[in-house]
Amino acid sequence: MTRIRRGYIARRRRTKMRLFSSTYQGAHSRLTRAMAQQKTRALGSAHRDRSRKKRDFRRLWITRINAVIREIKVFQSYSVFIHNLHKNHLLLNRKILSQLAIANLNCLSMISNEMMDFAGCIF
């Protein structure tokens, strides 16, 4: 029996995996099986943390808005503020509201005062 020479496909696959994991330490960048396991783990973590990042930023924005709303004492809480925003058809998302709360506190208080005036005219 003659020896069968392996083709280039497996080598190309391993080379691609090696390029992906070249910055890892130890066996994770040298051994093929460890590279494959580490790549799977890294891609899974990246997928999980993309959703986690959205959740964390939303929590941060809500915390910032709530702190400013309680500081200017126009509404009792964040939930009442958001409820009045939706009731008055003001379509501002939480990211924009938190940026307004940090950069320009007067603008956020003006928005809340307008909501109070608008609500006063209706009821």
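The values are calculated or read from the model by the stated rules, or taken from the named source; none is laboratory data. Predicted, not measured: the structure shown is a model, and the values here were computed from it. Virtual Cβ from ideal backbone geometry, glycine too; neighbours counted across all protein chains shown. Remember, those area values only see protein heavy atoms, side chains included, never the ligands or the DNA or RNA. Shrake-Rupley method; radii C 1.70, N 1.55, O 1.52, S 1.80 Å.
Scanning segment 1-27 for residues that are among the hydroxyl-bearing types (Ser, Thr, Tyr) and either in contact (Cβ under 8 Å) with a residue 60 or more places away in the chain or open to solvent by 90 Å² or more (accessible area, probe 1.4 Å) (or both) yields 2, 8, 23.
The set of residues in segment 80-96 being surrounded by 12 or more Cβ atoms within 10 Å (Cβ to Cβ) and within 14 Å of residue 115 (Cα to Cα) consists of 80, 81, 82, 83, 84, 85, 87, 88, 90, 92. All conditions in (1) free of Cβ contacts under 8 Å to residues at least 12 places away in the same chain; (2) open to solvent by 80 Å² or more (accessible area, probe 1.4 Å); (3) not aliphatic (A, V, I, L, M) hold for residue 104, with the sole exception of (2). Please work out if residue 51 is open to solvent by less than 40 Å² (accessible area, probe 1.4 Å) and not β-branched (Val, Ile, Thr). For residue 51, the condition - open to solvent by less than 40 Å² (accessible area, probe 1.4 Å) and not β-branched (Val, Ile, Thr) - is not met. For residue 40, all conditions in the list (1) farther than 30 Å from residue 10 by Cα; (2) open to solvent by 60 Å² or more (accessible area, probe 1.4 Å) hold save one; what is the number of the exception? Unmet for residue 40, out of (1) farther than 30 Å from residue 10 by Cα; (2) open to solvent by 60 Å² or more (accessible area, probe 1.4 Å): (1). Looking at 89, 47, 83, can you tell me which residue is out of contact with any Gly (no Cβ under 9 Å at 6 or more places or on another chain) and on the phi > 0 side of the Ramachandran plot? So the residue among 89, 47, 83 that is out of contact with any Gly (no Cβ under 9 Å at 6 or more places or on another chain) and on the phi > 0 side of the Ramachandran plot is 89. For residue 30, the criteria (1) over 30 Å from residue 85 (Cα atoms); (2) without any contact (Cβ under 8 Å) to a residue 12 or more places away in the chain; (3) open to solvent by less than 100 Å² (accessible area, probe 1.4 Å) hold in every case but one, which is (3). Tell me, which residue of segment 24-74 that is part of a helix (DSSP H, G or I), within 30 Å of residue 107 (Cβ to Cβ) and β-branched (Val, Ile, Thr) is farthest from the chain's Cα centre (by Cα)? Step by step, filter segment 24-74, then rank; the result is 72.
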